[in-house]
Amino acid sequence: MSAMTTLIFAWAAMHVAVGLHNLSVHLRRPTDLEYLAFAIYSFSAATYTVGAGLLSDAGSVAEGTTAMRVAYIGAPVALTSFVAFASILLGDVGGKMMFAGLVHGAVGLFGSLAGVLFDPDTRAALSPYSEPDQTPWGVAWVIGAVLILSWSLYRVYRRSLVDSDLRILVFGSLALAAAVGHDQAVYLLGIPDPYLAEHALVLTSVAFSYMLLRRLAVTERELERRTSELEASYLELQRAQAVLIQKEQLAAVGELSAVIAHEIRNPLAILRNAAAGLRRSTLSKADGETLLSIVGEEAERLGRLSQDLAAYAQPLLPALTPLDLEPLLELLAAEVREAPRDDAAIDVSLEFGPTRALGDSKLLTQTLANVFDNAVQAMGSGGTLSIRTEDATLGGYPALRIVVSDTGEGMNSLVQDKALDPFFTTRATGTGLGLAIVDRITRAHGGTLRLDSDYGQGTRLTITLPVPPADDEPPRRIPTSRPPHMITP
């Protein structure tokens, strides 16, 4: 093998490497078709170059014919992929130029495989290589290829006047065109020079690679710029959101203050009247005891209101840890069974499925205790309290569902719509914060609360909570009533 042939085969290996690189880029970015077109071009250029290397060492017309058939398998595909590459860069995918390149390339590939482009029995008269003479079909195909390449090159040149990135493509293509012209002169005039097209293909490949890398760098810079703009917009949005939240909080504080003032006004009025009555000198002992009892009841009511307000208003930052809720549910159920009652018997039914959840033990104890207490109060004349746990999903992830049902008085639609509102209650001694606290704690855990009830048919309250992630599960993004947080195995 001569040194020239070795060099040509090295160029072929380089084309294969470039093709593999661009194919891998296309697989990562399948919408960027220019990388696929360039990969096909590189593989076809490698095929043509191998044929040129075989021709360089050919010692007979038969060997030269084999070499030219290999080269002309690569040449039509290279023509098609080059025109497709140019069409993609011009934004003319599927246009007339791309169609012409595809059809002419297919004709050339078929002609090469069918052996109609060369005459294997006739040596090219003036060529310094041992290659066969071209048939009229071969000459016609070469002329057509030159016309299509000239058309595509002209269009790329016009676009390069406004898009400087395409100029390197024009320079590389002109270098290849000059090499092809030189080779035709060698073939037709018998000039004793080596063919240059296989070497010019390397320059073209380098030019194309540089252009794509340059465009990629521009795209990355544009992406960085837009990312910076998005980050700035996000920070501005955060600031605006903080201002909005502050305004909402101030409005909520004002509304809450008005509600608290209303809730405290009645007990204070009762206490004021009772105190005035106790100051009367003519007050009987029985009336005094009655007034003192009223004072005690109203003081207890204010105490409950103060305690519930503190529970409702305190910041909620649950310490989420894996928990088994079965012992807690059994303990609360036992407290319901053992609580002293006059004539209202309450049966408790427990049906456990899965019981593991992700939560704050203290807050969930408070939540479930409130739920049980509300259910018991709804069954003033007795009934059945049913607790069931089962599998569920929450935001596409596995979750635990806790269903607490009672056979109490139930709620009509108006009461049910307001049941979770702070300070809404239908009981004379209630504060109206129990279910509001339950809802707030549940949302702070990233869970959901659902209330289903029909008047006279009882109430069903469903709490859905996240469960501990599996060891091989990716981190979860759990939406809560506070900023979203990640849950990791």
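Here, each number is a calculation from the coordinates, and none is a lab measurement. Note that the structure is a prediction, hence the values are computed from the model and not measured. Cβ atoms come from the backbone with ideal geometry, glycine included; neighbour counts cover every protein chain shown.
Points to keep in mind about this one:
- For the chain, the Cβ-based charge dipole about the Cα centre amounts to some 1360 debye (Lys, Arg positive; Asp, Glu negative; other atoms uncharged).
- Coarse-grained scattering of segment 23-152 at q = 0.17, 0.20 Å⁻¹, given as base-10 log I(q)/I(0) from a Debye sum over alpha-carbon atoms: -0.86, -1.07
- Amide H within-cut-off set for Gly408, under 5 Å, with H built and near neighbours excluded: Gly458, Thr459
- Using θ = phi - 60° and Karplus 6.51 cos²θ - 1.76 cosθ + 1.60, couplings along segment 372-379 (whole Hz; Gly, Pro as x): 4, 5, 4, 5, 5, 5, 6, 10
- With the cut-off at under 18 Å, measuring from each backbone N in segment 15-48 to a point 7 Å along the Cα-to-Cβ line of Leu102 picks out 31-41.
- For the chain, the spherically averaged projection of the C-alpha convex hull amounts to 37.6 nm².
- The share of alpha-carbon pairs in segment 3-229 lying farther apart than 26 Å comes to 36%.
- Angle between the chain longest axis and helix 136-160 axis [Cα atoms, degrees, rounded to 10]: 50
- Value at 222 nm in deg cm²/dmol, rounded to 500, when DSSP H runs of n ≥ 4 in the chain each add -39,500 (n - 2.57): -22000 deg cm²/dmol
- Using θ = phi - 60° and Karplus 6.51 cos²θ - 1.76 cosθ + 1.60, couplings along segment 209-217 (whole Hz; Gly, Pro as x): 4, 4, 5, 5, 5, 5, 5, 5, 5
- Remark on Leu394: its backbone amide H falls under 5 Å from those of Ala399, a criterion applied only to residues 5 or more positions apart or on other chains, H modelled at 1.01 Å from N.
- Nonlocal amide H pairs with Leu350, under 5 Å, H built at 1.01 Å: Ile387
- Each 10 Å bin, from zero up to the one with the longest distance, holds this percent of the alpha carbon pairs of segment 1-95: 19, 39, 27, 13, 3.
- For segment 11-16, 3J(HN,Hα) per residue [Karplus equation, 6.51 cos²θ - 1.76 cosθ + 1.60, θ = phi - 60°, Hz, x = Gly/Pro]: 4, 4, 4, 5, 4, 4
- Förster radius 22 Å - calculated FRET efficiency between Ala17 and Ala178 (Cβ-Cβ, nearest 0.05): 0.30
- Annotation for Leu420 and Asn266: the two label points, set 7 Å from Cα along the Cα-Cβ direction, are 2.5 nm apart.
- Placing a label point 7 Å from the Cα of Ala232 along the Cα-to-Cβ direction, the residues of segment 186-223 with a backbone N closer than 15 Å are 222-223.
- Around Thr5: net Lys/Arg minus Asp/Glu count, Cβ-Cβ under 11 Å: -2
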